[in-house]
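Chemist: There's a structure below that I have some questions on.
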C-alpha cells in the first residue's frame, strides 16, 4: 500500500464535513481531580449513528466514482460500522449490503434496517461473514468497505484527531480505543502529519489483546475468542492498520474488564453522558494509571455511545431482568 | 408572602453565577422528527451536583447575612436538594445540617457526605424529618432552606428559564417537571416577568398527581403514597409554589410510569446523555402528546442526571442483579 498522509485526512475532512457532526470537546473538573491532570474528551458518542465509525464510512462512500457508487457498497459487521455504512450509502443514494450472522441481536438488525441497510444473513461461523461479503462483491461488483483496514476508512477516522487538536490545542497525549485499529491508525497519521509532539497511545482490553501481542511479535496475531464487554474492540488488526500502528504509535496499554466497567460508570456519573464500553477503555487506562499523565493535557477519544439499555429500563418498571446483559456480537 | 418577580430572579442569577455552570441547550434531529416540532433541551443534568437544585440552594445560602450564615443552614431531604445545599454551604464556608431518614439509600448518604454535609438521621416516618429539622433550627438558630417552597430557592430555580430564553430565543412553550413546584414556579415567574408569550406547562407523574389535583381543587392536596419512579417528584406543593402555579402557570399534564421510562430511554438512545426519571417526565408529555406541539419551538428543562446505575454495571460483569432496582426515597 501507499500509506495515506495528513493531506488525505484533510481531504477526507472536506469530503465528509457536510454529513457529520463536529462533536464537542468536554471536560470534567471531578475527573481532572481524580487523575491529577487535565482530561479532554472528544465526544464521538454524539456523532451521527452514535459513533466515530460514521466518519470513515462516509469518507469511503463519498470517495467512490459515480460508476463504482452505483454498484453499491458491502460490508460484514454487526456493529457501528454496519449502521454507519448504511446511513452513508443512503446519504449518497446508493445501496448498502450488510452481511450479519443469523444470530445477530435484533436491536442491531433494527439499527441497520433503520438506516436503510440491506441485510444478508450468514451462518454464525468465523469465516462465513467474509465469504458471504466476498460473494456479494463478485456477483454485484459492489465495493467492499472493510470496517477498519480500508484506507479511506482510516483517513476518515483520522478526522477525529484533526478536529480534536484544532479545538483543544496543546495536548500532550491522545488515547484511543484499539480494536481493528482504524481509529488509532487515523489518529497517528494525523498527529504525526501535523508534526505535533503528542504521544499517541492505543488502549486495548486485556481480554482482546491481539494488537498488543501483534506489535510485540512483529506480525499480525489474530484475536482468538476475545471475551470482553468492549464489543467494538473484539476484532483484529489488518495489514494496513498493523503497519501504521507499528510505525507511528507510541504505546499500547491494556485494561481489565473490571477497569472498563468502573471507567464507564465514572463517565456516566461524573459527566452525565452515555458511552459504550469501548469508549471507556482509554478512560480506564488513565484512571487506573496504565500511563503516567500527572499534570498533562490528556486527550481521550470517546468513540461511541451505543449501549443496549433495554433490560435496565425494563427493570425500572419492576419487570425482573430475564437474564444478565448479553455480551454482544463483535462490532466488526 | 410578597411574591418574587423577575428582578429577584435576575438578582439571584448575578448572585449564583460564580458558582453554577451555564448549562448547554441541546437539540436532537431524531427527536424533532419523532414529535414534529423543534425541541430544545436545557441540560441541567450537567449542572453541578447533577441537578438544577444547586441553583436554588446556592441562592438561598448566598442570600443570608453573615450573621445568619454563621449559624448554618438545615434542610430535610434525601435527594438532590440535600447534596446541593451541602455544596452551596461549603462554597460559603458554613455548615449544612441535612436531616435524612435512617433508611436512606447509602448512595444518597455518600453523596451528601461527599459535599461536606452534616447528616442527622431521623425515624423513617412521614413527619419525622420536618420535626427533626425544626428542632435543629430551634437549638442552633440555623436557617431552614426548604427544597421547593423557600422563596430564594424559587427565584434561584427561575434562573434556568432566564438562561434558556436568552440562548434559545423564540420558544412557544416551556415544559418542566413538577414535584414540589420550585422549578415550575421559578420558570413561571421568569416567563411572565419577561412578558414573553411562552406557555408554561408543568408535567407530573400520574402516580404523584397532587399538584394537578390541588390546582383543580383550589387548595393544597398533599401527595399520598406517591408511587412513581420519578423520585424527584414525590413531594407536594407548599403555600408559595401553590399560589404561583395557580396564578401563572398555563397547564399541568400527567404521564404514566411506562411513558416516563420510554421517554428516559429515548433520551439515552437518541441524545446519549444521562437524565434521571424526573427529567423524562416533560419529555414524555411531548412524546405521548399530552400537549399539542406540532411545528412549535418547545423548550424542555432536563432537571437532573442522578441515576443509580450500580446494578446495571454490576450486571455488565456478569454478576446477577441482587434485586430489581429500588424505587428511591423522595427527593425532597
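Chemist: Any residue in the stretch B:255-275 that is in the same structural domain as residue B:207 (by TED's automatic domain parsing), over 28 Å from residue A:309 (Cα atoms) and modelled with pLDDT of 95 or more?
Modeler: Checked the stretch B:255-275: no residue is in the same structural domain as residue B:207 (by TED's automatic domain parsing), over 28 Å from residue A:309 (Cα atoms) and modelled with pLDDT of 95 or more.
Chemist: Kindly establish whether residue B:245 is farther than 20 Å from residue B:44 by Cα, in contact with a strand residue (DSSP E or B) (Cβ under 9 Å, 6 or more places away or on another chain) and modelled with pLDDT of 95 or more.
Modeler: The answer is yes for residue B:245.
Chemist: Could you tell me which residue of the stretch B:228-242 is farthest from residue A:318 (Cα to Cα), considering only residues that are in contact with a strand residue (DSSP E or B) (Cβ under 9 Å, 6 or more places away or on another chain) and part of a loop (DSSP other than H, G, I, E, B)?
Modeler: Checking each candidate, the answer is B:234.
Chemist: Now, a different point. Filter the stretch A:297-320 for residues that are surrounded by fewer than 19 Cβ atoms within 10 Å (Cβ to Cβ) and more than 9 Å from chain B (Cβ to nearest Cβ); which is farthest from residue A:163 (Cα to Cα)?
Modeler: Filtering first and then ranking leaves A:308.
Chemist: Please give the number of the condition residue A:71 fails out of (1) within 14 Å of chain B (Cβ to nearest Cβ); (2) surrounded by fewer than 18 Cβ atoms within 10 Å (Cβ to Cβ); (3) at pLDDT 95 or above.
Modeler: Unmet condition: (1).
Chemist: When you scan the stretch B:78-185 for helices (runs of 4 or more DSSP H) that lie fully inside it, which ones turn up with 2 or more residues that are without any contact (Cβ under 8 Å) to a residue 60 or more places away in the chain, surrounded by 24 or more Cβ atoms within 10 Å (Cβ to Cβ) and under 18 Å from the mean Cα position of the chain (by Cα)?
Modeler: Ranges flagged: B:80-92.
Chemist: Considering only residues of the stretch A:186-206 that are part of a strand (DSSP E or B) and over 23 Å from residue A:295 (Cβ atoms), which is nearest to the chain's Cα centre (by Cα)?
Modeler: A:204
Chemist: Can we say residue B:92 is under 23 Å from residue B:128 (Cα atoms) and in the same structural domain as residue B:120 (by TED's automatic domain parsing)?
Modeler: So residue B:92 does not fit the description; no.
Chemist: Right, residue A:286: more than 9 Å from chain B (Cβ to nearest Cβ), surrounded by 23 or more Cβ atoms within 10 Å (Cβ to Cβ) and touching a strand residue (DSSP E or B) at 6+ places or on another chain (Cβ under 9 Å) or not?
Modeler: It is true that residue A:286 is more than 9 Å from chain B (Cβ to nearest Cβ), surrounded by 23 or more Cβ atoms within 10 Å (Cβ to Cβ) and touching a strand residue (DSSP E or B) at 6+ places or on another chain (Cβ under 9 Å).
Chemist: Does the stretch B:263-277 hold any residues that are touching a strand residue (DSSP E or B) at 6+ places or on another chain (Cβ under 7 Å) and within 7 Å of chain A (Cβ to nearest Cβ), and which are they?
Modeler: Hits for the stretch B:263-277 are B:272, B:273, B:274.
Chemist: Looking at A:198, A:229, which one is touching a residue at least 60 places away in the same chain (Cβ under 8 Å) and closer than 30 Å to residue B:21 by Cβ?
Modeler: The match here is A:198.
Chemist: Related question: Within the stretch B:10-31, does at least one residue satisfy the condition of being part of a helix (DSSP H, G or I), over 13 Å from residue B:158 (Cα atoms), within 14 Å of chain A (Cβ to nearest Cβ) and touching a strand residue (DSSP E or B) at 6+ places or on another chain (Cβ under 9 Å)?
Modeler: Scanning the stretch B:10-31, I find at least one residue that is part of a helix (DSSP H, G or I), over 13 Å from residue B:158 (Cα atoms), within 14 Å of chain A (Cβ to nearest Cβ) and touching a strand residue (DSSP E or B) at 6+ places or on another chain (Cβ under 9 Å), so the answer is yes.
Chemist: Here is a follow-up. Which of (1) more than 14 Å from chain B (Cβ to nearest Cβ); (2) surrounded by 18 or more Cβ atoms within 10 Å (Cβ to Cβ); (3) over 29 Å from residue B:265 (Cα atoms) is the odd one out, the single condition residue A:232 does not satisfy?
Modeler: Every listed condition holds for residue A:232 apart from (3).
Chemist: Assess whether residue B:248 counts as being more than 16 Å from the chain's Cα centre (by Cα), within 24 Å of residue B:191 (Cβ to Cβ) and more than 10 Å from chain A (Cβ to nearest Cβ).
Modeler: yes
Chemist: Kindly evaluate residue B:260 against the criterion of being more than 14 Å from chain A (Cβ to nearest Cβ) and under 14 Å from residue B:176 (Cα atoms).
Modeler: The answer is no for residue B:260.
Chemist: Follow-up question, since we're still on this one. Looking at residue B:265, is it more than 21 Å from the chain's Cα centre (by Cα), part of a helix (DSSP H, G or I) and surrounded by fewer than 19 Cβ atoms within 10 Å (Cβ to Cβ)?
Modeler: no
The values are calculated or read from the model by the stated rules, or taken from the named source; none is laboratory data. None of the values given here were measured: they were computed from a predicted structure. Here the Cβ is made from the backbone with ideal geometry for all residues, glycine too, and neighbour counts use every protein chain on show.
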